[in-house]
Amino acid sequence: MTLFPGSIKGRLFLWYSTFTALLLVFLGIIGFYEVRRLTFAAVDQSLHSKMQLATGLMHAEHEEGEEGNTGGLEVEIAELVTGEYAIPRSGHYYKVMVEGWETIYSPSLVDPKFNLETGSLEFHDKEQQEWTYISRGPNNEPLRVLRHDHRLLGKAITVIIAEDISLPLKRIESFKIALLFVVPLAILSTSLIGMWIINRSLQPLRRFCFKISRISSTNLSERMGSDMDVQELRVLATAFNRMLERLQKAFDAESRLISHASHELKTPISVIKGHCDVLLQQERSAEEYQEALNSINSVVTSMSRLINDMLSVARLDSGILTPADFKEVQVRNCIDDALKMIRPMAERRDISITSSIPEEIRVMGDRSLLTEAILNILSNAVKYNKDKGIVDISAWEKEGRIQISIRDTGMGISADEKDKIFERFYRSSAALLDEGTGLGLSISKGIIEAHRGEIRVESNPGAGSRFILSLPAPHRSA
């Protein structure tokens, strides 16, 4: 299994191993100091017990020998504290000093002048007047030393108890050595276990990637299964399936565009070629040449309109139209520009066009594209209107959005065609004889949606149609 920081597996293993190693090292350190603390706590408890025994004997002896001497004190302690305290340099020592003079000491100390407090101070209890040291004994053995100061019968009394801690230190050292072996072994073991867990956990992801790798432009209809046993991959599969649906729609739309464009261009090209072949077969009169050229010009005009519409579709599909390029545009200006181009067609059929657009109605957008979107709708409103019909244009602002209404008195749209008229190259049964490309309304819809708007239609057959364009109003600072 290859691991490197740039992979999910490598990162998981790195984080898991680092965290586990730090945790085990931390627990090892805590365990070491806890064992050390408990070990010395047991030694300190023993020292305190012997300290209490010694100070208790001194209180008792002084109460009885208040008028006598202190000679009985040494004899009593020597009798009670026997055993290892009587063996020279046994590692168990005590010393009692009165006013700084060594009065009583254990036989094990041998030299009463030997200083048991030469080591390092561990801690000092001011309230109890106790000092705890780590020192060295007469035999150079490590000692735990407890010193207690108090006053008795007006005299300063110091009691020092010392214990050899060679065995506890060996136990602590043995535990330390064990940790130095156990902790790295535990880190290695947990890392291997973590590697196995990570590898097993990422197996569904590898299967998921394998399924993805099999999907190409030729089988976009395939979908990732939603029956995966990993919740995160089910969510990812759902998102991936939605992306595949969008891609499939885009590929299908592109295929339809190419297919329709090829079909639409094939007929006019055939017409042009036919006219040219007939004209070239023999000499023709000027009238015949004029008639043929007029036919070719009409066909070329249709081809030019189709190509321009296809360029508009390609521009919208490319996504180059972004809100960052939008400027504040007067809706009236866009409608006036569209009316200049559509009025000649309306006048030929005596169609009346009325427009009531307040000057303050504005949107953020591209003026030429918005004009194109409105022109396409107006063109249909005039083209499929009845003679002497009416086209009414109005606009208003409502709840932060600009509403543009284009109503006509034409033939209307059936209910089953309302959702189809915005599809590319779709032409209703009433428009089959028209020379249009079937792209106008789809272009208008694409332009409006690129401006973060929406377009809808209200229509009934024989009762005319009403197209409503909804666009966001510009944000104005207070």
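What follows is calculated from the coordinates using simple rules that are stated; it is not laboratory data. Quick caveat: nothing in here was measured; it's all calculated off a predicted structure. Note: ideal-geometry Cβ built from the backbone for every residue, glycine included; neighbour counts use all protein chains shown.
Data for the structure
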| read-out | value |
| --- | --- |
| Under 30 Å from K388, Cα to Cα: lysines that are on another chain or at least 8 residues apart | K340, K418, K420, K445 |
| Distant-in-sequence amide H partners of S355 (H built 1.01 Å from N, under 5 Å) | I393 |
| Test item: Cα-centred dipole of the range 116-225, Lys/Arg +1 and Asp/Glu -1 on Cβ, debye | 1120 |
| Segment E347-A41, length gained on full extension (0.36 nm per residue, minus Cα span) | 99.2 nm |
| Calculated P(r) tail over 22 Å for the range 332-458, as whole % of Cα pairs | 34 |
| Ranked by how many other beta carbons lie within 10 Å on average, peptides 327-338, 25-36 from highest | 327-338, 25-36 |
| Low-density loop cleavage sites - trypsin sites (Lys or Arg not before Pro) in the range 339-434, where at most 12 other Cβ are within 10 Å (DSSP) | K388 |
| Theoretical FRET efficiency, 1/(1+(r/R0)^6), r = Cβ-Cβ of E245 and F210, R0 22 Å, to 0.05 | 0.55 |
| Percentage, to the nearest whole number, of Cα pairs in the range 80-138 over 17 Å apart | 48 |
| Ranked by how many other beta carbons lie within 10 Å on average, peptides 277-284, 184-191 from highest | 184-191, 277-284 |
| Within the range 331-355, backbone nitrogen closer than 12 Å to the virtual label 7 Å beyond the Cα of E397 toward Cβ | 331 |
